[in-house]
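Rule-based calculations on the coordinates, nothing more; no lab input. Quick caveat: nothing in here was measured; it's all calculated off a predicted structure. FYI the Cβ positions are ideal-geometry reconstructions off the backbone, even for glycines, and counts take in every protein chain you see.
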Amino acid sequence: MRLDDFDPNAIDVDDQRGGSRGSGGGFRLPMGGGGGKLGCGTLIIIIIAALVFKVDPSQLIGGMQGGGLGGETQPTQAQGGSSAEESCRIDEGSKQSCDALSSLNKTWQPLLEQERVAFRRPPIHFYSQSGQSGCGAAQSAMGPFYCPTDNGIYLDTDFYRQMETELGAKGQFARFYVIAHEYGHHVQNLTGTSDQVRALQERNPAAANRLSVRLELQADCYAGLWAAKNSNLLDPGDMESGLNAASSIGDDKLMQSAGRRADEAAFTHGSSAQRKQWLRTGLESGTIAACDTFADLRR
């Protein structure tokens, strides 16, 4: 995908990497990010961590749910400037993330304004190994995620390497899909969908996972919608790259790779087939209405 060079005045960037880049220990696990307080991918990662790495799940859950562990992080150089410019050019992954964020802002602002939804740019927070978010601790093992408390997208760009080497999700568009999916959670936050889903989950805990799946699949569809609105920039193979990435992080595949039986009742993000289906829906429709994964609940 041939995105324009990022506009430093059109993005908000916070860089927590500092001198800690490349330091620290811990384990790394492949997974996508997401919406809600635990972020997309975090719940299934906690399950895998407990099974494979013998990690106490409460350590990860406490880190993300305990909002008091880390205060709300403000983007550095909110209007762009040299700090944002430098952060975006640290490595190829950072540059591609900033290019995608700039394009996503320019694409979604008019779309949301047409729907009479107030637009607000989400900052991207780069960190290495560990960091802090408005939702608590950020750890590489959690994968990329969106924090609704501070409207931020959190990313350790080493995740891109893991996508290629451990998940087989290769290609530039696969990386763009990750950011576009997290941005989809920001859209859900702005439209109030995330709040509505959380309220439903509190009223009906037994349906919490099923509702989470719908939220994640809608974010996949929104990622496809963004690509559709920029179809003139797509290269041959981009769609296949994105669909392969969506398939690689399906709950069933992740459970099976961890040596577990794929249990649909435990899904939080959707199966590989579902994730591919909804990304394709966004790519082929290019409309917000087509991404209504909750339509049947309103009948």
Point to revise | Cβ-based exposure ranking for 176, 294, 126, in which fewest neighbours within 10 Å come first | key: 294, 126, 176
Study note, to complete from the structure: Here, residue 292 and residue 89, labelled 7 Å along Cα→Cβ, have an inter-label distance in nm of 4.6
Revision key, fill the gap. Placing one equal point scatterer on each C-alpha of the stretch 190-246 and summing with Debye, one gets log10 I(q)/I(0) at q = 0.12, 0.14, 0.16, 0.28 Å⁻¹ equal to -0.41, -0.52, -0.62, -1.09
Point to revise | Candidate aspartates and glutamates for bridging to residue 229, where Cα separation is under 13 Å - those fewer than 8 sequence places away on the same chain excluded | key: 284
Review point. Applying the Karplus parametrisation 6.51 cos²θ - 1.76 cosθ + 1.60 with θ = phi - 60° to the phi angles of the stretch 212-223, what ³J(HN,Hα) value in whole Hz is obtained for each residue in order, glycine and proline being reported as x?
Key: 4, 4, 5, 5, 5, 5, 5, 5, 4, 5, 5, 4
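So what is Rg over Rh here for the stretch 112-240, counting just Cα atoms and using Kirkwood for Rh? If you can, show how the numbers build up before the last one.
Numbers: Rg = 15.6 Å, Rh = 15.9 Å.
Reported Rg/Rh, Kirkwood definition of Rh: 0.98.
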Exercise for review: Rank the residues 1, 163 as a footprinting-exposure proxy: fewest other Cβ atoms within 10 Å of their Cβ go first.
Suggested key: 1, 163
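In the neighborhood of residue 170, defined by Cβ-to-Cβ distances under 15 Å, what is the net charge if each Lys or Arg adds +1 and each Asp or Glu adds -1? Each step should come with its number before you reach the end.
Values: positive: 161, 175; negative: 92, 164, 166, 235, 238, 240.
Cβ neighbours under 15 Å give a net charge of -4.
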Review point. Which net charge results for the neighbourhood of residue 10, defined as the other residues with beta-carbon distances under 14 angstrom from its beta-carbon, given Lys and Arg at +1 and Asp and Glu at -1?
Key: -3
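Counting other beta carbons within 10 Å of each Cβ, put 117, 197, 13 in order, fewest first. Show your work: numbers first, answer last.
On the way: 117 16, 197 20, 13 26.
Least to most surrounded, the residues fall as 117, 197, 13.
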Review point. In whole Hz, what ³J(HN,Hα) sequence does the stretch 92-103 give by Karplus (6.51, -1.76, 1.60; θ = phi - 60°), x for Gly and Pro?
Key: 4, x, 5, 4, 5, 5, 5, 4, 5, 4, 4, 5
**Study point:** Karplus-derived 3J(HN,Hα), 6.51/-1.76/1.60, for each residue of the stretch 201-209, Hz, glycine and proline x
**Key:** 5, 5, 6, 9, x, 5, 9, 4, 5
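May I ask you to compute the full-extension gain from residue 114 to residue 207, defined as 0.36 nm times their residue separation minus their alpha-carbon distance, rounded to one decimal in nm? Don't skip to the end; give the middle numbers.
Numbers: separation 93, 0.36 × 93 = 33.48 nm, distance 3.21 nm.
Length gained, residue 114 through residue 207: 30.3 nm.
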Check your understanding: Among the aspartates and glutamates, which fall within straight-line cross-link reach of residue 95, defined as a Cα-Cα distance under 12 Å, with same-chain neighbours fewer than 8 residues apart omitted?
Key -> 4, 5, 7, 85, 86
Practice item. With a cut-off of at most 16 other beta carbons within 10 Å, and DSSP calling the residue loop, which trypsin sites (Lys or Arg not before Pro) in the stretch 116-165 qualify? Please list them. Key: 116, 120
